[in-house]
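Undergrad: Shown below is the structure under consideration.
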Amino acid sequence: MINNRLKIVSIYILLCIIWGSTWIVIRTGLTSLPPIISVGYRFFLASLFVFSLMKYNNFKLQTDKTSAILYILMAFFSYIFPFSLVYWAESPQAGVPSGLSAVLFGIYPFFIALFSYFFIADETINASKIIGMIFGFLGIVIIFSDSFRGNISSFFLGMSAIVLSAVMQAAMLIVIKKYGHHLNPLSMNFIPMFLAGIILLFAGYYLEDSSQLKFNSAAVLSVIYLAFFGSTVTFTSYYWLLKRVNVVVLSMIAFITPIVALLLGWIFYDERLSFNHFVGTICVLSGLLIANLGNLKKFNNLGFKKS
């Protein structure tokens, strides 16, 4: 039991680190590839990684009616629409600053809590989780408060796209939590990612200016990293955790990944860390601690004895 809990914590931290790094990698890739084509290549390649791992581990693809419906819903509402919206919002065309994107996507845990309260009876949304979410969101606002300076109304469409993406992903996660218990965390991603990749590539080459394509090292490496680590590893791990962790606590990863992105920017790009960054980080970590108070009590009761 203790080893399983440590595994859960380790995977949770791994997700925060990898998804925190994808912010920088996405922006790097968008300097060479248009947004829809970029995300299309990401998910098409990710589906090939998933398929290879399925074959290696001899995992079967569930083909019952419920699984088939979930695959279609995931393709559109976990991958195609949400990621197209986020990629477009962060592209030069929409120009939403990364900090503002992080704050807007911070509504994700709140919609998770709202949807789970109404649609999942056994998910507990207690006071500690609500307070934890408020602290986490406040921390993100503090960290990226500089993003609110100037006229942000020019980013209205991009901001709306990010909010819509967060709502879609929250709703889809609750659907998977309620109806996808039987799905394998790895193989459940194959058809949705494959469909997403094919549809997005067709849409991208039809709608976007293919003359912008530059298959340089930045484009190729960003797609490979986002496909394997940012999609195959993360979504498989995320859905594995979904069966074992409270959905609200799981969704609070959205508060931590921007902090990881800040740290990586400081380490690799010599970006400055301000006092607001430290205060906001403390708020986010405090919120995560508060939201997990119940889990920490259970962890302490797993057999540790006082000496």
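Every read-out reported here was derived from the displayed coordinates using simple, explicitly stated rules and does not represent laboratory data. Keep in mind that this is a model prediction, so the values were computed, not measured. Cβ: placed from backbone, ideal geometry, glycine included. Neighbour counts: every protein chain shown.
Undergrad: GNM, the chain, Cα, under 10 Å: largest mean-square fluctuation among Ile162, Ile130, Ile256?
TA: Maximum among the listed residues: Ile130.
Undergrad: Still on this model: How much net charge surrounds Ile37 when only the other residues with a Cβ under 14 Å from the Cβ of Ile37 are counted, with Lys and Arg +1 and Asp and Glu -1?
TA: Working: positive: Arg42, Lys214; negative: Glu208, Asp209.
My count for the surroundings of Ile37 gives 0.
Undergrad: May I ask you to sort Lys129, Lys60 by Cβ crowding, counting other Cβ atoms within 10 Å and putting the fewest first? Before the final figure, lay out the partial values.
TA: Values: Lys129 24, Lys60 8.
Listing Lys129, Lys60 from fewest to most nearby Cβ atoms yields Lys60, Lys129.
Undergrad: Here is a further query. Take the alpha carbon atoms of region 78-119, find their center, do the same for region 206-251, and report the distance between the two centers in whole angstrom.
TA: Each part reduced to its Cα centre gives a spacing of 14 Å.
Undergrad: First select every other residue whose beta carbon is under 14 angstrom from the beta carbon of Leu226; then total the charges, Lys and Arg +1, Asp and Glu -1. Before the final figure, lay out each step's value.
TA: Numbers: positive: Arg27, Arg42; negative: Glu90.
My count for the surroundings of Leu226 gives +1.
Undergrad: Using a cut-off of under 15 Å, list every residue of region 248-282 whose amide N is near the label point 7 Å from the Cα of Asn126 along the Cα-to-beta-carbon line.
TA: 248-249
Undergrad: Please give the contour-minus-distance gain from Tyr117 to Leu221: 0.36 nm per residue of separation, less the Cα-Cα distance, rounded to one decimal in nm. Don't skip to the end; give the middle numbers.
TA: Working: separation 104, 0.36 × 104 = 37.44 nm, distance 4.06 nm.
Answer, rounded to one decimal: 33.4 nm.
Undergrad: Can you compute the charge dipole magnitude of region 15-300 about its Cα centre, using +1 on each Lys and Arg Cβ and -1 on each Asp and Glu Cβ, nothing else charged? Give it in debye, rounded to the nearest 20. Don't skip to the end; give the middle numbers.
TA: Working: 15 positive and 9 negative charges, 140 e Å.
The dipole magnitude comes to about 680 debye.
Undergrad: Further question on the same structure: Between Phe278 and Leu14, what FRET efficiency comes out of the Förster formula 1/(1 + (r/R0)^6) with R0 = 25 Å and r the beta carbon distance, rounded to 0.05? Could you put the intermediate results ahead of the total?
TA: On the way: r = 24 Å, r/R0 = 0.95.
It comes to 0.55.
Undergrad: When the chain is modelled as a GNM with alpha-carbon springs shorter than 10 Å, which of Asn276, Asn57, Asn216 fluctuates the most?
TA: Comparing Asn276, Asn57, Asn216 in a Gaussian network model of the chain, the most mobile one is Asn57.
Undergrad: Rank Ser84, Ser38, Ser210 by mean-square fluctuation in a GNM of the chain with C-alpha springs under 10 angstrom and give only the top-ranked residue.
TA: Result: Ser210 has the largest fluctuation of those listed.
Undergrad: For region 147-230, run through the trypsin sites (Lys or Arg not before Pro) and keep only the ones in DSSP coil with at most 15 other Cβ atoms within 10 Å of their Cβ.
TA: Values: sites: Arg149, Lys177, Lys178, Lys214; in loops: Arg149, Lys214.
Filter output for region 147-230: Arg149, Lys214.
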